[in-house]
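Single-structure report; data block below.
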Amino acid sequence: MELILKSITDKQLIHIAEKTLSAQRISPEEGEYLYLHAELGFLGLLADAIRVQRHGKVTYFNRNFHIEPTNICVFDCKFCSYSRLLKHRNEGWELSEEQILDIVRSYVGKPVTEVHIVGGVHPKMGLMYFANLIKKVKEILPDIHVKAFTAVELEYMCRKAGVSYAEGLQILKDHGQDSLPGGGAEIFDEEIRAQIAGDKCTSVQWLEMHKTAHQLGMPSNATMLYGHVESYAHRIDHMERLRILQDETGGFNTFIPLKFRNKDNQMSHIPEVSVIEDLRNYAVARIYMDNFPHIKAYWPMIGRSVAQLSLSFGVNDIDGTIDDSTKIYSMAGSEEQNPSLSTAQLVELIQGAGKIPVERDTLYSTIRNYNEQPLQEEELV
Ligand code: V47
Ligand code: SF4
């Protein structure tokens, strides 16, 4: 790294690299400077140095499945290819409680550790409906970690039920919800948010919901939808607001940059950014988010090859086996039309990138290191 720094003539970049390598936080201006002036190679080396310091070659994944109870939604986010507005509800799906529980039952005896439950915001599926559903999920799979509901869904549920965020989250926690996923954050800048997701919860509400969850002992993740109408300054502003909240609560596990995909939505006229931009973005996120332990590349959205590349640009987690149970990205144009990888395929993908595959639970406790305990023949069936 030092040799490479000597070949760089931009003093500002050298200063940022020195700060980063000595574990000093970079400022929003420096973050924006990286986006504007740093080459992919430089960003990759810096982000990888942080990754190696923190995680060595370890790359985490988990064994999980998704449940999407409905894609009928009262909101109208312009980038969303998945939802069907209430007025087009005949085109959407709405699983009954029994159908949802049947999905859960199909995982009895399988080695999954997490269920991820998110969907459209349906006016008839309220706080107590979901609280009771989670209780029933836990009756079927008592050891499963329930990561459920974005802050957008939670804000609506609490508003409709007439309870505070703390009261609503406590009810869900008492019924078995363990943590929150990171969706619904999009871009916090109020002007951009108004253009792309004007009718759902505000940025302040999103952050308040996660803060309240952390105070109640429910950890969470955070996402950022990038590569549409936002500028680099907006991405830095987004990450800065998260970094400040993380300093206060320490409740975030993972930061997940989500690339905007442009198929079949109201923003289809906006071209998607390049793979180079995806990798630059992962690297800046790793460098900027110094108090986030993990950076995740969500492979169903960027595809397996870019997920492999991202592991050299600061990413140390590639989510889970998924089991073909999410439609959000296939409907938005991802190259992954049936997102499902077996454990053997995930392990191979990570090893193929020269990293060490480690299966984790939702809270990043190690379940198994696959270099030390390789998959056995009988586990491949
Ligand atoms: O909030 C919707 C995004 C998110 C598009 O916490 C789109 O572990 C790109 O948050 N192009 C939901 N993105 C998914 C999500 C998530 C996924 C995996 C893991 C975790 C976690 C969270 O999907 C939405 C929105 O930002 N999204 N449409 C689209 N066209
Ligand atoms: Fe509804 Fe979520 Fe789609 Fe927005 S992103 S329209 S809140 S399902």
Looking at Tyr226 and the list (1) within 12 Å of ligand 1 (Cβ to nearest atom); (2) more than 16 Å from the chain's Cα centre (by Cα), which single condition is not satisfied?
(2)
Residue under question is Glu39, and the condition is that it be within 30 Å of Met157 (Cβ to Cβ) and acidic (Asp, Glu); does it hold?
no
So, Lys160, is that one assigned to a helix (DSSP H, G or I), of a type in the set (D, E, K, R) and touching a residue at least 12 places away in the same chain (Cβ under 8 Å) or not?
yes
Whichever residue in the stretch 75-106 is over 23 Å from the mean Cα position of the chain (by Cα) and assigned to a loop (DSSP other than H, G, I, E, B) and, among such residues, is farthest from ligand 2 (Cβ to nearest atom):
Ser106
Whichever residue in the stretch 302-322 is among the hydrophobic types (A, V, I, L, M, F, W, C) and outside any loop (DSSP other than H, G, I, E, B) and, among such residues, is nearest to ligand 2 (Cβ to nearest atom):
Ile302
Exactly one condition in (1) closer than 21 Å to Asn71 by Cα; (2) within 16 Å of ligand 1 (Cβ to nearest atom); (3) open to solvent by 30 Å² or more (accessible area, probe 1.4 Å) is not met by Lys160; state its number.
(2)
Of everything in the stretch 176-198, what is open to solvent by 10 Å² or more (accessible area, probe 1.4 Å), more than 20 Å from Thr362 (Cβ to Cβ), more than 11 Å from ligand 1 (Cβ to nearest atom) and assigned to a loop (DSSP other than H, G, I, E, B)? Give them in sequence order.
Asp189, Gly198
Can you say whether Asn253 is in contact (Cβ under 8 Å) with a residue 12 or more places away in the chain, more than 14 Å from the chain's Cα centre (by Cα) and within 10 Å of ligand 1 (Cβ to nearest atom), as far as the supplied structure shows?
no
Here is a list of conditions, (1) under 10 Å from His122 (Cα atoms); (2) within 14 Å of ligand 1 (Cβ to nearest atom); (3) of a type in the set (Val, Ile, Thr), and Ile72 meets all of them except one; can you say which number that is?
(2)
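Yes/no per residue for (1) over 18 Å from Asp317 (Cβ atoms); (2) near ligand 1 (Cβ under 10 Å from one of its atoms); (3) among the basic types (Lys, Arg); (4) touching a Ser or Thr at 6+ places or on another chain (Cβ under 8 Å):
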{"residue": "Glu208", "(1), (2), (3), (4)": "yes, no, no, no"}
{"residue": "Gly217", "(1), (2), (3), (4)": "yes, no, no, no"}
{"residue": "Glu230", "(1), (2), (3), (4)": "yes, no, no, no"}
{"residue": "Leu242", "(1), (2), (3), (4)": "no, no, no, no"}
{"residue": "Thr249", "(1), (2), (3), (4)": "yes, no, no, no"}
{"residue": "Asn265", "(1), (2), (3), (4)": "yes, yes, no, yes"}
{"residue": "Arg286", "(1), (2), (3), (4)": "no, no, yes, no"}
Taking the stretch 17-60 on its own, how many of its residues are among the polar types (S, T, N, Q), buried (at least 21 other Cβ atoms within 10 Å of the Cβ) and part of a helix (DSSP H, G or I)?
1
If we scan the stretch 61-69, do we find a residue that is in contact with a helix residue (DSSP H, G or I) (Cβ under 7 Å, 6 or more places away or on another chain), open to solvent by 10 Å² or more (accessible area, probe 1.4 Å), touching a residue at least 40 places away in the same chain (Cβ under 8 Å) and within 15 Å of ligand 1 (Cβ to nearest atom)?
yes
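The values are calculated or read from the model by the stated rules, or taken from the named source; none is laboratory data. Note that the structure is predicted; figures quoted are calculated from it, not measured. In this analysis, Cβ positions are derived from the backbone assuming ideal geometry, glycine residues included, and neighbour counts consider all displayed protein chains. Surface accessibility is based on the protein's heavy atoms, side chains included, excluding ligands, DNA and RNA. Shrake-Rupley method; radii C 1.70, N 1.55, O 1.52, S 1.80 Å.
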